[in-house]
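Working notes for the structure below.
The values are calculated or read from the model by the stated rules, or taken from the named source; none is laboratory data. Quantities reported herein were computed from a predicted structural model and do not represent experimental measurements. Every residue, glycine among them, receives a Cβ derived from its backbone with ideal geometry; neighbour counts consider all protein chains shown. All accessible areas refer to the heavy atoms of the entire protein, side chains included, with ligands and DNA or RNA removed. Shrake-Rupley method; radii C 1.70, N 1.55, O 1.52, S 1.80 Å.
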Amino acid sequence: MLAHGKVIKYGDNVDTDVIIPARYLNTSDPAELAKHCMEDLDAAFVNKVNEGDIIVAAKNFGCGSSREHAPIAIKAAGISCVIAETFARIFYRNAINIGLPILECPEASRDIDDGDEVKVDFDKGEIINITKNKVYKSTPFPEFMQEIIAKNGLIEYIKASLYR
Amino acid sequence: MSMTMTQKILAHHAGLDKVVPGQLIKAKLDLVLGNDVTTPVAVKEFKKIGLDKVFDVNKIAIVPDHFTPNKDIKSAEQCKYIREFAREMKIVNYFEIGQMGIEHALIPEKGLVVPGDVVIGADSHTCTYGALGAFSTGIGSTDMAAGMATGEAWFKVPEAIKFELKGKLNKWVCGKDVILHIIGMIGVDGALYKSMEFMGEGVMALSMDDRFSMANMAIEAGAKNGIFEVDDKTLAYVKEHSTKEYKIYTADPDAQYAATYVIDLSQIKPTVAFPHLPENTRTIDEVGEVKIDQVVIGSCTNGRIEDLRAAASILKSKQVDPHVRTIIFPATQKIYLQAMEEGLLKIFVEAGAVVSTPTCGPCLGGHMGILAKGERAVATTNRNFVGRMGHPESEVYLASPAVAAASAIAGKIVSPEEVI
């Protein structure tokens with residue numbers, strides 16, 4: 001699996017309230033949520049994001065509320081992957097459970113700049129910065145999580161185990 | 001190998017003799033929880049699995065508390081959707097308006113969590129029940145769906161940070177100040193992926209309501225869970241509220257911790273978290289001149305009876321500043337009734353505050369107290385992120401009920417001692 005796109009970069013502690021403000025949580029429609037993605041942090045996001053773009057952030061991405069609407073909004077906005085130095089743990093689970101690819105990589109998080117063109121090879125765990133001609137190695141997922149990712153999320157994984 | 005409290009509970013629920021940090025396990029669940037924001041997504045995912053029943057009708061709790069009483073048509077539709085699901089699945093612990101409360105105050109009050117339980121909730125503040133010596137953690141909607149289907153969840157066994165509490169709190173200092181102090185010290189990712197384990201003689205000096213406030217905000221340090229040693233006060237609470245069987249887990253004396261902090265409770269001062277992170281803490285004497293437009297007293301962090309008593313003891317026979325909209329919301333119907341019987345609601349209304357039905361509304365900028373551009377609030381809630389209570393250019397200052405009540409009178413952030 002590959003992701004390929006331009007990077008939109010953010011800093012530390014991007015919380016789920018700014019990813020999708022609670023005033024929009026009276027719906028769970030992905031397309032509706034995507035319209036307001038990142039609104040309170042970066043009002044320009046929805047206009048500048050293109051299908052396949054990659055979010056790169058620093059520490060503790062997705063902290064705060066457990067709202068799964070946050071990774072749903074990011075995915076529906078067209079983001080193909082989120083790379084961060086660290087993720088808040090509920091966001092981490094939610095992203096894997098709904099099939100939004102995420103990678104922890106402190107080096108990539110530090111080195112990649114806004115607007116860089118980046119390619120991600122999930123099988124090899126490699127992040128390739130085409131603009132800077134550099135390659136970063138991400139922390140591989142444990143095997144169990146790779147199985148969930150391979151099934152495109154927890155629900156299909158559960159179905160496969162229930163109806164085996 | 002020795003284990004922490006959390007590790008022992010997880011090992012037991014995974015059917016294992018021992019677990020080590022980093023190990024991935026599947027644990028049996030004693031309770032799966034959701035609210036009106038997260039449950040609709042969970043129900044949609046549950047339906048994709050194709051089951052016609054949940055794993056146990058007694059071990060699921062659904063509490064419509066966020067946008068209720070319904071703030072708009074879309075919220076009403078979301079609540080209708082989960083209400084119908086609860087009826088169809090015969091879920092016993094669905095709490096309608098009239099019986100409900102803010103989930104993390106309601107669930108312990110209803111006796112649905114006891115020491116030693118493993119609980120997941122599609123709400124980040126599910127970590128609150130660690131106050132009872134349970135392992136309890138926030139998850140998302142898909143995990144809730146999977147939990148409702150299978151009665152299990154996967155976990156990575158966490159390392160722990162030990163907080164050895166000693167001494168006693170001073171007057172006008174409560175559990176909220178302690179947890180704000182700790183978050184200020186270790187940061188909003190200071191306990192990322194880890195347990196926060198509270199133990200030592202200082203625990204015994206804390207009331208259950210103090211412990212609920214502290215465990216509640218473990219997530220604000222990034223923790224997977226916060227958990228307290230069980231003592232006589234815990235057991236008295238459990239006996240009053242529950243008939244469920246419980247099991248007490250204690251950490252091995254030689255358990256390994258990622259870090260240990262000794263917290264002297266007698267040294268903690270009233271503490272305020274400045275915008276826009278809970279780690280931006282200052283003690284009350286360092287606050288300076290911060291004028292405010294609104295005060296919110298309540299939430300899953302501080303809407304319990306002791307919180308209301310603390311606020312009432314300051315507001316009694318006084319008036320809130322006419323420029324400060326003061327909104328007080330008891331966390332459950334039972335607490336509301338108790339506050340009424342104790343005369344607290346009368347004190348609030350006479351002081352010029354309003355008293356709301358239980359709801360999460362203002363805490364997350366949902367309804368019942370939204371801030372306009374440039375406005376400032378002191379809130380006893382748990383988050384002061386950008387836009388948390390309304391306009392992205394509004395500000396939330398987190399504090400205890402005593403500081404919030406004193407600030408309502410003064411029109412700016414002050415210590416309770418300044419208005420008493």
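Report, by residue number, each residue of the range A:100-127 that is more than 13 Å from the chain's Cα centre (by Cα), outside any strand (DSSP E or B) and closer than 20 Å to A:ALA77 by Cα.
Scanning the range A:100-127 gives A:ASP114, A:GLY115, A:ASP116.
If a residue must be within 11 Å of another protein chain (Cβ to nearest Cβ) and exposed (fewer than 15 other Cβ atoms within 10 Å of the Cβ), how many such residues does the range A:31-52 contain?
Qualifying residue count for the region: 1.
Just to confirm my filter: which helices (runs of 4 or more DSSP H) fall fully inside the range B:270-344 and include at least 1 residues that are modelled with pLDDT under 95, touching a strand residue (DSSP E or B) at 6+ places or on another chain (Cβ under 7 Å) and buried (at least 24 other Cβ atoms within 10 Å of the Cβ)? Before you say what the answer is, go through the steps one by one.
Numbers: elements: B:299-302, B:305-315, B:333-341.
Result: empty, no element qualifies.
Yes or no, residue by residue, for (1) touching a helix residue (DSSP H, G or I) at 6+ places or on another chain (Cβ under 6 Å); (2) more than 14 Å from chain A (Cβ to nearest Cβ):
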| site | (1), (2) |
| --- | --- |
| B:ARG304 | yes, yes |
| B:ILE314 | yes, yes |
| B:SER317 | no, yes |
| B:ILE327 | no, yes |
| B:GLY369 | yes, no |
| B:ASN384 | no, no |
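Does any residue of the range B:40-57 turn out to be within 30 Å of B:GLU109 (Cβ to Cβ), within 14 Å of another protein chain (Cβ to nearest Cβ) and touching an Asp or Glu at 6+ places or on another chain (Cβ under 6 Å)?
Taking the range B:40-57 and keeping what is within 30 Å of B:GLU109 (Cβ to Cβ), we get B:40-46, B:53-57.
After this cut, where a residue has to be within 14 Å of another protein chain (Cβ to nearest Cβ) as well, the list is B:40-46, B:53-55.
With the extra rule that they be touching an Asp or Glu at 6+ places or on another chain (Cβ under 6 Å), the set shrinks to B:41.
Yes, the range B:40-57 contains a residue that is within 30 Å of B:GLU109 (Cβ to Cβ), within 14 Å of another protein chain (Cβ to nearest Cβ) and touching an Asp or Glu at 6+ places or on another chain (Cβ under 6 Å).
Just for the range A:1-15: of the residues that are open to solvent by less than 20 Å² (accessible area, probe 1.4 Å) and farther than 22 Å from B:LEU364 by Cβ, which one is modelled with the lowest pLDDT?
It comes out as A:ALA3.
Test each condition in (1) free of Cβ contacts under 8 Å to residues at least 60 places away in the same chain; (2) in contact with a Ser or Thr (Cβ under 7 Å, 6 or more places away or on another chain); (3) open to solvent by 10 Å² or more (accessible area, probe 1.4 Å) for A:GLY62 and report the one that comes out false.
Just one mismatch for A:GLY62, condition (3).
Being free of Cβ contacts under 8 Å to residues at least 24 places away in the same chain, among the aromatic types (Phe, Trp, Tyr) and surrounded by 14 or more Cβ atoms within 10 Å (Cβ to Cβ): is that true of A:TYR157 here? Outline the logic, then answer.
Details: free of Cβ contacts under 8 Å to residues at least 24 places away in the same chain: yes; among the aromatic types (Phe, Trp, Tyr): yes; surrounded by 14 or more Cβ atoms within 10 Å (Cβ to Cβ): yes.
Against the criterion (free of Cβ contacts under 8 Å to residues at least 24 places away in the same chain, among the aromatic types (Phe, Trp, Tyr) and surrounded by 14 or more Cβ atoms within 10 Å (Cβ to Cβ)), A:TYR157 qualifies.
Out of all the residues in the range A:58-70, which are more than 8 Å from chain B (Cβ to nearest Cβ), in contact with a strand residue (DSSP E or B) (Cβ under 8 Å, 6 or more places away or on another chain) and within 26 Å of B:GLY121 (Cβ to Cβ)? Explain how you work it out, then say what you get.
To start, the set of residues in the range A:58-70 that are more than 8 Å from chain B (Cβ to nearest Cβ) comprises A:58, A:61-62, A:70.
Narrowing the set further to residues that are in contact with a strand residue (DSSP E or B) (Cβ under 8 Å, 6 or more places away or on another chain) leaves A:58, A:61-62.
Once the filter is applied, which keeps residues that are more than 8 Å from chain B (Cβ to nearest Cβ), in contact with a strand residue (DSSP E or B) (Cβ under 8 Å, 6 or more places away or on another chain) and within 26 Å of B:GLY121 (Cβ to Cβ), the range A:58-70 yields A:PHE61, A:GLY62.
Please go through the range A:16-30 and give me each residue that is within 7 Å of another protein chain (Cβ to nearest Cβ) and open to solvent by 10 Å² or more (accessible area, probe 1.4 Å), ordered by number. Step through it out loud before you land on a result.
Going residue by residue through the range A:16-30, those that are within 7 Å of another protein chain (Cβ to nearest Cβ) are A:17-18, A:21-23, A:25-28.
If the condition is that a residue be within 7 Å of another protein chain (Cβ to nearest Cβ) and open to solvent by 10 Å² or more (accessible area, probe 1.4 Å), then A:ARG23, A:ASN26, A:THR27, A:SER28 are the ones that fit.
Would you point out which residue out of A:ILE55, A:ILE83 is crowded, with 24+ Cβ neighbours inside 10 Å, in contact with an Asp or Glu (Cβ under 9 Å, 6 or more places away or on another chain) and either closer than 16 Å to B:GLY187 by Cβ or more than 9 Å from chain B (Cβ to nearest Cβ) (or both)? So that I can check it myself, show each step before the final result.
Working: A:ILE55 fails: in contact with an Asp or Glu (Cβ under 9 Å, 6 or more places away or on another chain).
Just a single option satisfies the conditions, and that option is A:ILE83.
Only one of B:GLY116, B:GLY151, B:GLY147 is within 30 Å of A:GLU143 (Cα to Cα), away from chain A (no Cβ under 12 Å) and in contact with a strand residue (DSSP E or B) (Cβ under 9 Å, 6 or more places away or on another chain). Can you tell me which? Walk me through how you get there before you give the answer.
Working: B:GLY151 fails: away from chain A (no Cβ under 12 Å); B:GLY147 fails: away from chain A (no Cβ under 12 Å).
Selected residue: B:GLY116, the only one of B:GLY116, B:GLY151, B:GLY147 that is within 30 Å of A:GLU143 (Cα to Cα), away from chain A (no Cβ under 12 Å) and in contact with a strand residue (DSSP E or B) (Cβ under 9 Å, 6 or more places away or on another chain).
From the list B:SER124, B:SER75, B:SER136, pick out the single residue that is facing another protein chain (nearest Cβ under 8 Å) and touching a Gly at 6+ places or on another chain (Cβ under 6 Å). Let's see the steps before the verdict.
On the way: B:SER75 fails: touching a Gly at 6+ places or on another chain (Cβ under 6 Å); B:SER136 fails: facing another protein chain (nearest Cβ under 8 Å).
When all the criteria are applied, what remains is B:SER124.
Could you list, in sequence order, the residues of the range B:177-192 that are away from chain A (no Cβ under 14 Å) and within 25 Å of A:PHE91 (Cβ to Cβ)?
Keep residues of the range B:177-192 that are away from chain A (no Cβ under 14 Å), which gives B:177-182, B:184-185.
Residues satisfying the conditions are B:ILE179, B:LEU180, B:ILE182, B:GLY184, B:MET185.
Condition first: part of a loop (DSSP other than H, G, I, E, B) and surrounded by fewer than 15 Cβ atoms within 10 Å (Cβ to Cβ). Now tell me which residues in the range A:131-154 satisfy that. Show your work before the answer.
Filtering the range A:131-154 down to residues part of a loop (DSSP other than H, G, I, E, B) leaves A:131-133, A:138-142, A:151-153.
Listed by number, the residues that qualify are A:THR131, A:LYS132, A:ASN133, A:THR139, A:PRO140, A:PRO142, A:ASN152.
What residue, among those in the range B:228-242 that are hydrophobic (A, V, I, L, M, F, W, C) and either touching a Ser or Thr at 6+ places or on another chain (Cβ under 6 Å) or surrounded by fewer than 17 Cβ atoms within 10 Å (Cβ to Cβ) (or both), is farthest from B:TRP154 (Cα to Cα)?
B:ALA236
Against the condition at pLDDT 95 or above and facing chain B (nearest Cβ under 9 Å), how does A:ALA77 come out, does it pass? Before the answer, list the steps.
On the way: at pLDDT 95 or above: yes; facing chain B (nearest Cβ under 9 Å): no.
It is false that A:ALA77 is at pLDDT 95 or above and facing chain B (nearest Cβ under 9 Å).
May I ask you to list pairs of residues, at least six apart or on different chains, whose Cβ atoms are under 9 Å apart, with the first in the range B:366-379 being outside any loop (DSSP other than H, G, I, E, B) and the second being of a type in the set (Phe, Trp, Tyr)?
The qualifying pairs are B:ARG376/B:TYR397; B:ALA377/B:TYR397; B:VAL378/B:TYR397; B:ALA379/B:TYR397.
Could you tell me which of the residues B:PHE198, B:PHE163 is open to solvent by less than 10 Å² (accessible area, probe 1.4 Å), over 22 Å from B:HIS104 (Cα atoms) and not assigned by TED's automatic domain parsing to the domain that holds B:GLU45?
Working: B:PHE198 fails: over 22 Å from B:HIS104 (Cα atoms).
On inspection, the qualifying residue turns out to be B:PHE163.
Return yes when B:HIS13 is within 30 Å of B:THR260 (Cβ to Cβ), in contact (Cβ under 8 Å) with a residue 24 or more places away in the chain and either touching an Asp or Glu at 6+ places or on another chain (Cβ under 8 Å) or not hydroxyl-bearing (Ser, Thr, Tyr) (or both) and no when it is not.
Numbers: within 30 Å of B:THR260 (Cβ to Cβ): yes; in contact (Cβ under 8 Å) with a residue 24 or more places away in the chain: yes; either touching an Asp or Glu at 6+ places or on another chain (Cβ under 8 Å) or not hydroxyl-bearing (Ser, Thr, Tyr) (or both): yes.
Considered against the rule, which asks whether it is within 30 Å of B:THR260 (Cβ to Cβ), in contact (Cβ under 8 Å) with a residue 24 or more places away in the chain and either touching an Asp or Glu at 6+ places or on another chain (Cβ under 8 Å) or not hydroxyl-bearing (Ser, Thr, Tyr) (or both), B:HIS13 comes out as yes.
Is it true that A:ILE128 is within 14 Å of chain B (Cβ to nearest Cβ) and surrounded by 17 or more Cβ atoms within 10 Å (Cβ to Cβ)?
Details: within 14 Å of chain B (Cβ to nearest Cβ): no; surrounded by 17 or more Cβ atoms within 10 Å (Cβ to Cβ): yes.
The answer is no for A:ILE128.
State yes or no: is B:ASN35 crowded, with 24+ Cβ neighbours inside 10 Å and more than 9 Å from chain A (Cβ to nearest Cβ)? Before you say what the answer is, go through the steps one by one.
On the way: crowded, with 24+ Cβ neighbours inside 10 Å: yes; more than 9 Å from chain A (Cβ to nearest Cβ): yes.
Yes; evaluated as a whole, the condition is true for this residue.
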